[in-house]
Amino acid sequence: MLRDLSKFLKVDEEKENAIQDLLFKSQHTMLRSKKLVFAEERMEMCENLEFAPFTKFCPKCHREYPMDENVCYECLVALKDLSEKTPIHDIESKPIFRFSGENSLDDFESIFCESNVEKVNEFNINMNDLEKIIRNIKLTSLRNLDELINDNYVDLNGITILEKVLLFTKTFVNVEYKSYGQQLGYFEFETVTIDDRQTASLQITTMIHELSHFLLKEILVGVLCKLLDCASNRFIDVIVTYVLAYSNFTQLIDEYSAHCCEGRFTVYGYQDYSSFLNIIAQMDGEMSRDEIEITKSIGNTFANAIKDILEIFIDRDLREDIKSNFLNYHYESPNYEMLKLENCEMLTDEGFLKAIWLIISEGFAAAGENLEILNDYLEEVK
Ligand SMILES: [Zn+2]
Ligand SMILES: [Zn+2]
């Protein structure tokens with residue numbers, strides 16, 4: 001079945017060009033002296049040392065004012081106290097994404113009934129449905145963004161690149177910080193955990209990577225809700241979490257997709273390729289070379305859908321800022337050996353739908369037979 005998908009492959013030109021471009025640019029950025037970066041760092045330090053005697057700000061134009069002022073006469077609004085502005089790092093968010101449907105399936109028994117198994121196998125879904133799912137995710141994120149900005153008086157022009165990506169991440173998931181262990185970050189049950197001791201550029205790449213895991217899961221939640229015509233809930237969520245974790249095939253898709261998104265919004269060739277190389281290693285001959293490549297193409301196709309969502313905020317300007325910031329701190333050239341592992345093929349719409357059918361129908365059947373694991377997951381999302 002997986003091999004059949006090869007007739008639906010096409011070249012992902014954008015990715016191919018991005019890699020070519022990177023190979024060219026990296027030769028030039030190498031020439032950039034460390035001295036220059038050092039000077040920039042010093043300047044940044046000096047800026048941070050500047051004394052700010054202002055304690056109030058205008059909620060409209062964000063200009064800051066001394067304590068004895070009460071009004072911004074330009075915007076004609078009363079001033080607020082600076083303490084009402086929450087640093088982006090500390091803003092709390094628990095965003096909820098919902099899909100609606102006629103049925104409310106509130107336990108595994110009703111989800112895995114005979115007629116639902118049939119519905120999943122029939123797979124009555126088209127590109128239009130998929131676009132609606134993606135639109136729904138975008139809309140919820142943008143609403144959350146609007147709310148976070150308003151509630152916390154965020155001045156988008158006054159925050160760093162890291163803070164922008166962090167704020168955007170908080171429109172999708174709860175963000176927590178850790179200061180232990182080797183792992184840069186992970187995504188688990190609606191929470192992205194990042195190590196905030198790392199450099200800004202590593203935190204950014206990690207957030208984009210983990211956010212991609214969340215978005216792939218959320219797209220599949222939307223697909224399953226559409227197939228079963230049901231509202232999303234934690235049972236559906238847990239099933240999709242299981243589907244993405246139970247086999248090397250789905251793990252590889254999930255990991256390769258996150259890897260591609262990370263590369264696309266930051267820089268190809270500098271990432272840690274071990275995340276998906278480990279999965280390939282643990283497969284131990286389970287899939288042929290060709291099958292692995294097709295599986296990577298599926299991941300790449302998902303990455304394209306996810307990219308579409310991420311671009312509602314990470315526009316071309318922000319993307320360029322992220323990339324140049326990254327290259328300022330990484331003088332080494334991209335790992336040419338590893339770049340060869342990049343797959344620049346993606347599926348046509350027809351092939352993409354067939355791939356999703358394969359993932360969901362096989363995964364749904366496997367989930368139905370492993371209720372114990374699903375119940376364990378359920379404990380985690382409470
Ligand atoms: Zn003002
Ligand atoms: Zn990952």
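Each reported figure results from applying straightforward, stated rules to the coordinates on display, with no laboratory input. In this text the structure is predicted, and so the values were computed from the model without any measurement. Quick reminder, even Gly has a Cβ in these numbers, built from the backbone with ideal geometry, and neighbours come from all protein chains shown.
A few comments on the model shown:
- One quarter of the convex hull surface built on the alpha carbon atoms of region 171-229 amounts to 4.3 nm², the projected area averaged over directions.
- Of Lys119/Lys170; Lys10/Lys132; Lys119/Lys178, those spanning more than 31 Å from alpha-carbon to alpha-carbon: Lys119/Lys170; Lys119/Lys178
- Percent of C-alpha pairs per 5 Å bin, region 78-163, short to long: 2, 9, 14, 16, 13, 11, 9, 8, 8, 6, 3, 1, 0
- Taking other C-beta atoms within 10 Å as the exposure proxy, Cys260, Cys61, Cys225, Cys344 rank Cys61, Cys344, Cys225, Cys260 from fewest upward.
- In the chain, one over the average inverse separation of all distinct C-alpha pairs is 22.7 Å, which is the Kirkwood hydrodynamic radius.
- Cα centre as origin, Lys/Arg/Asp/Glu Cβ charges: the chain dipole, Debye: 980 debye
- Compared with the direct C-alpha span, the chain from Thr55 to Ile96 gains 11.3 nm at full extension, assuming 0.36 nm per residue.
- Selected from Gly269, Gly363, Gly285 as most flexible by GNM, with the chain as the system and alpha-carbon contacts under 10 Å: Gly285
- Long-range HN-HN contacts of Glu188 with modeled amide H, under 5 Å: Thr193
- Charged-residue dipole, Cβ positions (Lys, Arg, Asp, Glu), region 54-204 about Cα centre, Debye nearest 20: 600 debye
- Ascending count of other beta-carbon atoms within 10 Å, so fewest first, for Leu227, Leu23: Leu23, Leu227
- Annotation note: GluC sites (Glu not before Pro) in region 328-376 located in DSSP loop regions with a Cβ neighbour count of at most 10 within 10 Å are Glu332, Glu369.
- Taking every C-alpha pair closer than 8 Å and separated by at least 6 residues, the mean separation divided by the residue count of the chain gives a relative contact order of 24 percent.
- Springs join every pair of Cα atoms under 10 Å in this Gaussian network model of the chain, and among Leu318, Leu167, Leu215 the largest mean-square fluctuation is at Leu318.
- Using Cβ point charges alone (K and R +1, D and E -1), the dipole size of region 221-359 about the Cα centre works out to roughly 200 debye.
- Residue of Lys323, Lys60, Lys307 that the Gaussian network model of the chain assigns the largest fluctuation, springs spanning Cα pairs under 10 Å: Lys60
- Relative contact order [Cα under 8 Å, 6+ residues apart], region 226-382, whole percent: 37 percent
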